[in-house]
Amino acid sequence: MDTVARFAELVGRPDPPLDRAALALAAGADADLDTGRWLRELDRLAEGVTSLDGLVDRLFVQEGFAGNVGDYHDPRNSLLHNVLERRLGIPITLAVVTIEVGRRAGIELEGVGMPGHFLVRAVDSQVLLDVFHGGVELDDAAAEALFRTASGAGPEVPFGPHLLASAATPSILLRMLENLRLVYRARRRPDDLEWVVRMRLALPGAGLPDLLELAGALGDQARWIDGARVLEEQLPESPPERAELLRTAARALRARLN
């Protein structure tokens with residue numbers, strides 16, 4: 001079973017484990033990834049932790065986890081095993097580390113999908129942590145200021161609980177994949193973009209733009225027939241307007257052979 005198929009099988013379960021799912025995602029970039037090694041590292045990080053303050057101290061003081069302000073768009077920042085190895089990440093992957101180490105220590109945490117900057121919250125509380133900046137606790141004013149800085153939203157955009165909803169595992173994985181998609185697209189790495197979009201297609205809510213991007217990534221690898229087939233396989237289940245878009249894109253890929 002290839003890495004995309006393993007990811008799809010795992011996220012197809014009713015309640016996929018976040019740690020294993022994030023590592024299955026990362027295996028798209030490293031097919032030889034040793035899942036057991038990194039699960040044991042999460043276990044080790046949790047040893048002796050008995051409180052939220054202790055968790056923050058363990059990760060961000062003793063172990064030196066930090067936000068990668070020097071190269072935010074390094075794709076390794078979005079791959080859990082690289083984050084565990086390098087102690088550098090972006091908000092969402094550092095959140096995954098924090099949530100999973102906390103879970104092992106008996107501390108219930110949840111991801112918070114604030115636009116522009118992912119946060120962590122203690123379950124059944126209003127305690128918000130910014131794990132990109134050392135696990136600092138945010139009050140309402142600090143959370144709003146961070147939202148406006150990260151998203152560029154002006155004062156006309158209201159800030160409130162609707163922007164601080166908890167994020168379930170599928171939405172966390174989707175956001176991680178979207179980060180990687182932007183990075184690989186900008187760096188013109190169609191081989192990596194391919195596995196990212198294939199994994200995206202395994203999660204709910206995928207649509208025509210994702211199929212077209214997958215076909216384009218295959219075409220950019222000179223795999224024009226493969227790209228056309230990806231689109232043509234969808235024709236039997238597509239309504240007329242969508243089918244015509246698929247046919248047109250598939251014909252354009254096949255024409256590259258002439």
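The values are calculated or read from the model by the stated rules, or taken from the named source; none is laboratory data. Note that the structure is predicted; figures quoted are calculated from it, not measured. Glycine also receives a Cβ, built like all others from the backbone with ideal geometry; neighbour counts cover every protein chain displayed. The protein model used for the area step is the full one, side chains on, heavy atoms only, and it has no ligands, DNA or RNA in it. Shrake-Rupley method; radii C 1.70, N 1.55, O 1.52, S 1.80 Å.
Structure notes:
- Residues (open to solvent by 60 Å² or more (accessible area, probe 1.4 Å) and hydrophobic (A, V, I, L, M, F, W, C)) located in region 169-200: 182, 186
- Within the set 37, 58, the sole residue that is surrounded by fewer than 16 Cβ atoms within 10 Å (Cβ to Cβ) and more than 23 Å from residue 181 (Cβ to Cβ) turns out to be 37.
- Scan of region 233-258 for residues that are in a helix (DSSP H, G or I), open to solvent by less than 60 Å² (accessible area, probe 1.4 Å) and closer than 17 Å to residue 210 by Cβ, ordered by number: 235, 243, 246, 249, 250, 253
- Failed criterion for residue 112 (all others in (1) surrounded by fewer than 17 Cβ atoms within 10 Å (Cβ to Cβ); (2) modelled with pLDDT of 95 or more hold): (1)
- Count of residues meeting criterion [assigned to a helix (DSSP H, G or I) and either free of Cβ contacts under 8 Å to residues at least 12 places away in the same chain or surrounded by 16 or more Cβ atoms within 10 Å (Cβ to Cβ) (or both)] in region 202-224: 12
- Meets criteria (on the phi < 0 side of the Ramachandran plot and either among the β-branched types (Val, Ile, Thr) or touching a residue at least 40 places away in the same chain (Cβ under 8 Å) (or both)) for residue 151: no
- Of the residues examined, residue 145 is not one that is open to solvent by 50 Å² or more (accessible area, probe 1.4 Å) and within 30 Å of residue 14 (Cα to Cα).
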